[in-house]
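Quick notes on the structure that follows.
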Amino acid sequence: MAVAVAGVLVAAGAITYSVAEDGTADDTPPAADSADAGFARDMAVHHQQAVEMSYIVRDRTADADVRRLAYDIAQTQANQRGMLLGWLDLWGLPKVSSDGPMSWMGMGGMSDGEDGALMPGMATDAELKKLGSLNGKQAEVLYLQLMTDHHKGGIHMAEGCVAKCTVGVEKRLAQGMVEAQQSEIELMTDMLKARGAKP
């Protein structure tokens with residue numbers, strides 16, 4: 001029975017690997033310094049902060065619309081983060097790199113990582129701390145503003161993958177991120193306007 005279970009797991013892994021390779025005949029995984037690997041590493045970090053911010057605001061407001069948006073963002077980005085890290089595992093690549101964030105886009109060193117903001121759009125540690133100190137409408141407004149900036153940075157990175165990545169399924173995931181986050185930016189702009197605030 002153990003052998004049968006192991007066989008199923010190996011088969012499942014092979015299927016997942018072929019999906020990550022987009023079913024191409026060439027099963028050589030991307031290189032550690034490729035756009036595919038760089039995007040997977042950087043977007044996993046970027047997504048993690050979005051999840052963190054969403055859980056913070058969920059506990060700081062009773063507004064159903066903001067809580068629903070925060071839940072959707074947290075679930076979507078946590079799932080995508082798992083996919084990105086899973087592909088790195090399948091490719092046998094490290095989840096961290098000695099190259100700075102955004103190096104795969106030719107933008108290494110653009111962000112100095114000051115106060116935790118490692119990539120474009122990321123909130124600083126001070127901004128996260130402030131978000132955790134606010135309640136109600138104030139928390140909602142800051143969250144929507146921070147997440148709007150966060151999405152803009154994420155879209156820039158995802159567009160970079162669409163242009164530079166070679167693994168088809170990853171390029172499609174990146175394009176889906178662009179479209180979904182642009183839609184959410186429009187929604188958040190309307191939500192901010194309803195609260196008398198701007199992005």
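The values are calculated or read from the model by the stated rules, or taken from the named source; none is laboratory data. Keep in mind that what you see is a predicted model, and the values were worked out from it rather than measured. Glycine also receives a Cβ, built like all others from the backbone with ideal geometry; neighbour counts cover every protein chain displayed. Quick note on the areas: whole protein, heavy atoms, side chains included, nothing else; ligands and nucleic acids left out. Shrake-Rupley method; radii C 1.70, N 1.55, O 1.52, S 1.80 Å.
Taking the conditions exactly as written (in contact with a Ser or Thr (Cβ under 7 Å, 6 or more places away or on another chain), surrounded by 15 or more Cβ atoms within 10 Å (Cβ to Cβ) and in a helix (DSSP H, G or I)), does GLU184 satisfy them or not?
Judged against the criteria, GLU184 is not a match.
Starting from residues that are within 13 Å of the chain's Cα centre (by Cα) and not small (Gly, Ala, Ser), keep the ones in the stretch 119-143 and report whichever is nearest to ARG58 (Cα to Cα).
MET122
Considering every residue within the stretch 180-191, establish whether at least one is free of Cβ contacts under 8 Å to residues at least 24 places away in the same chain, out of contact with any Cys (no Cβ under 8 Å at 6 or more places or on another chain) and farther than 19 Å from ASP72 by Cβ.
The initial filter retains those residues of the stretch 180-191 that are free of Cβ contacts under 8 Å to residues at least 24 places away in the same chain, namely 183, 186, 190.
Narrowing further to those that are out of contact with any Cys (no Cβ under 8 Å at 6 or more places or on another chain): 183, 186, 190.
Cutting the leftovers down to farther than 19 Å from ASP72 by Cβ gives us none.
There is no residue in the stretch 180-191 that is free of Cβ contacts under 8 Å to residues at least 24 places away in the same chain, out of contact with any Cys (no Cβ under 8 Å at 6 or more places or on another chain) and farther than 19 Å from ASP72 by Cβ.
Do you know which of the residues in the stretch 65-118 that are buried (at least 17 other Cβ atoms within 10 Å of the Cβ) and of a type in the set (D, E, K, R) is farthest from GLU140 (Cα to Cα)?
Among those that are buried (at least 17 other Cβ atoms within 10 Å of the Cβ) and of a type in the set (D, E, K, R), it is ARG81.
Being modelled with pLDDT under 70 and of a type in the set (S, T, N, Q) narrows it down to one of THR61, THR24, so name that one.
On the way: THR61 fails: modelled with pLDDT under 70.
On inspection, the qualifying residue turns out to be THR24.
Filter the stretch 144-170 for residues that are more than 14 Å from the chain's Cα centre (by Cα) and part of a helix (DSSP H, G or I) and give the result.
Passing the criteria: LEU144, GLN145, LEU146, VAL162, ALA163, LYS164, GLY168, VAL169.
If the requirement is being in contact (Cβ under 8 Å) with a residue 40 or more places away in the chain, buried (at least 17 other Cβ atoms within 10 Å of the Cβ), assigned to a loop (DSSP other than H, G, I, E, B) and of a type outside the set (Gly, Ala, Ser), which of these qualifies: MET122, MET53?
Details: MET53 fails: assigned to a loop (DSSP other than H, G, I, E, B).
Of the residues listed, the single one that is in contact (Cβ under 8 Å) with a residue 40 or more places away in the chain, buried (at least 17 other Cβ atoms within 10 Å of the Cβ), assigned to a loop (DSSP other than H, G, I, E, B) and of a type outside the set (Gly, Ala, Ser) is MET122.
Please specify each residue of the stretch 150-173 satisfying the condition of being open to solvent by 10 Å² or more (accessible area, probe 1.4 Å), of a type in the set (D, E, K, R) and touching a helix residue (DSSP H, G or I) at 6+ places or on another chain (Cβ under 8 Å).
Of everything in the stretch 150-173, those that are open to solvent by 10 Å² or more (accessible area, probe 1.4 Å), of a type in the set (D, E, K, R) and touching a helix residue (DSSP H, G or I) at 6+ places or on another chain (Cβ under 8 Å) turn out to be LYS152, GLU159, LYS164, LYS171.
Farther than 29 Å from MET191 by Cβ, under 18 Å from the mean Cα position of the chain (by Cα) and of a type in the set (A, V, I, L, M) - does that describe any residue in the stretch 75-88?
So far as the stretch 75-88 goes, yes, one or more of its residues are farther than 29 Å from MET191 by Cβ, under 18 Å from the mean Cα position of the chain (by Cα) and of a type in the set (A, V, I, L, M).
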